[in-house]
Amino acid sequence: MPLTKESTRQLVRLQEQDKILDAIQADIDRIPKAIGEIRARIDGRKARLNDVKGRQSATQLKRKEKEAQMAAKEADIKKHGQELNQVKTNDAFRALQNQIDGGKTAVSDLETEILTLMEELDALAREEKAVAAEIKGEDSHDLEEIQAFEKDKAALEAKAAAQKQARDALVPGIPEDVLKHYEHLRKRKQGVALAPVLKNICGACRIMLPPQVIVEVTKATAISTCESCYRILYLPEAARAGQPAEAKPGA
């Protein structure tokens, strides 16, 4: 592919701009993950509070069931007490009395269970209050952190847009086929399509370059690539000064 010295300089500048743009985009891409981790913490605390509330509901339901059972036992005791006045045999009287005594024992046991459940409900109410207070403080801090991340993201996106404009302004000075080759290499080479020649060595893969390649890079009339990493080679001093630099083959 034919290439002018000015196009080479533009290509080097383009890579510099792309590196900056890639770094900004990497910072932008990290923010959603960070926000997601914060929201996961918030959701975890909500789940903890919901667990306490769930245990409260289950305990309250048990209490109501025990109270209903106790009410039924008390109704049976009252009924059997009325029946005592109607029985005519001692055996029937004793049978009813045994049922009444058994009912009273059951009521006493149920009262104990209900008191235990009420104590559990009091403890759960205190736990809910403590967890809710903790969540309020931690959620407030986390939400502020999310807002800060979102603000940073907006600023970075604005910076990226400005950077892209600066980057795109360099494109017209680069031949279309060269640009396509550059973009192809960027995708394959972790965003780095160009490599400087440093003391006759490829600045990317560190392999010694053949003398003929050094000559071609110095002329800068066509794309020269590293035979090892396939990146486009350039002389950094030529890119800086805007003039071709002398490089002695085999030096």
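One residue is enough: does segment 153-164 have a residue meeting the conditions at pLDDT below 95, surrounded by fewer than 16 Cβ atoms within 10 Å (Cβ to Cβ) and more than 29 Å from Glu67 (Cβ to Cβ)? No; the residues of segment 153-164 include none that is at pLDDT below 95, surrounded by fewer than 16 Cβ atoms within 10 Å (Cβ to Cβ) and more than 29 Å from Glu67 (Cβ to Cβ).
For Ala133, indicate whether it is modelled with pLDDT of 95 or more, within 33 Å of the chain's Cα centre (by Cα) and exposed (fewer than 12 other Cβ atoms within 10 Å of the Cβ). Answer is no for this residue. Annotation note: Cβ proximity below 8 Å between a residue of segment 7-25 that is under 14 Å from Ala158 (Cα atoms) and a residue that is in a helix (DSSP H, G or I) and of a type in the set (A, V, I, L, M) (sequence gap 6+ or interchain) occurs for Leu21/Ala160; Ile24/Leu156; Ile24/Ala160; Gln25/Ala160. Residue selection: Leu96 satisfies the criterion of being more than 30 Å from Ala34 (Cβ to Cβ), surrounded by 14 or more Cβ atoms within 10 Å (Cβ to Cβ) and touching a Leu at 6+ places or on another chain (Cβ under 9 Å).
Given the residues Lys78, Lys64, Lys53, which is the only one that is assigned to a helix (DSSP H, G or I), modelled with pLDDT under 95 and surrounded by 11 or more Cβ atoms within 10 Å (Cβ to Cβ)?
Every option except Lys78 fails the conditions.
Among the residues of segment 113-123, those identified as more than 14 Å from Ala68 (Cα to Cα) and of a type outside the set (A, V, I, L, M) are Thr116, Glu119, Glu120, Asp122. Residue check: Ser140 meets all listed conditions (1) surrounded by 14 or more Cβ atoms within 10 Å (Cβ to Cβ); (2) free of Cβ contacts under 8 Å to residues at least 12 places away in the same chain; (3) hydroxyl-bearing (Ser, Thr, Tyr) but one, namely (1). Only one entry of Glu216, Glu138 meets the criterion of being in a helix (DSSP H, G or I), under 35 Å from the mean Cα position of the chain (by Cα) and acidic (Asp, Glu), and that entry is Glu138.
The number of residues in segment 61-116 being hydrophobic (A, V, I, L, M, F, W, C) and more than 60 Å from the chain's Cα centre (by Cα) comes to 8. Filtering segment 238-251 to residues that are modelled with pLDDT of 50 or more, surrounded by 15 or more Cβ atoms within 10 Å (Cβ to Cβ) and not small (Gly, Ala, Ser) leaves nothing. Looking across segment 20-41 at every residue that is surrounded by 12 or more Cβ atoms within 10 Å (Cβ to Cβ) and either of a type in the set (Lys, Arg) or modelled with pLDDT under 95 (or both), the one that is nearest to Glu127 (Cα to Cα) is identified as Arg41.
I need the full set of residues from segment 26-55 which are in contact (Cβ under 8 Å) with a residue 40 or more places away in the chain and among the acidic types (Asp, Glu), in order please. Asp27, the sole residue that qualifies. Given the structure, is Ser108 farther than 30 Å from Asn50 by Cα, assigned to a helix (DSSP H, G or I) and either hydroxyl-bearing (Ser, Thr, Tyr) or touching a strand residue (DSSP E or B) at 6+ places or on another chain (Cβ under 8 Å) (or both)? Yes, satisfied.
The values are calculated or read from the model by the stated rules, or taken from the named source; none is laboratory data. Only a predicted model underlies this, so the values are computations on that prediction, with no experimental measurement involved. Virtual Cβ from ideal backbone geometry, glycine too; neighbours counted across all protein chains shown.
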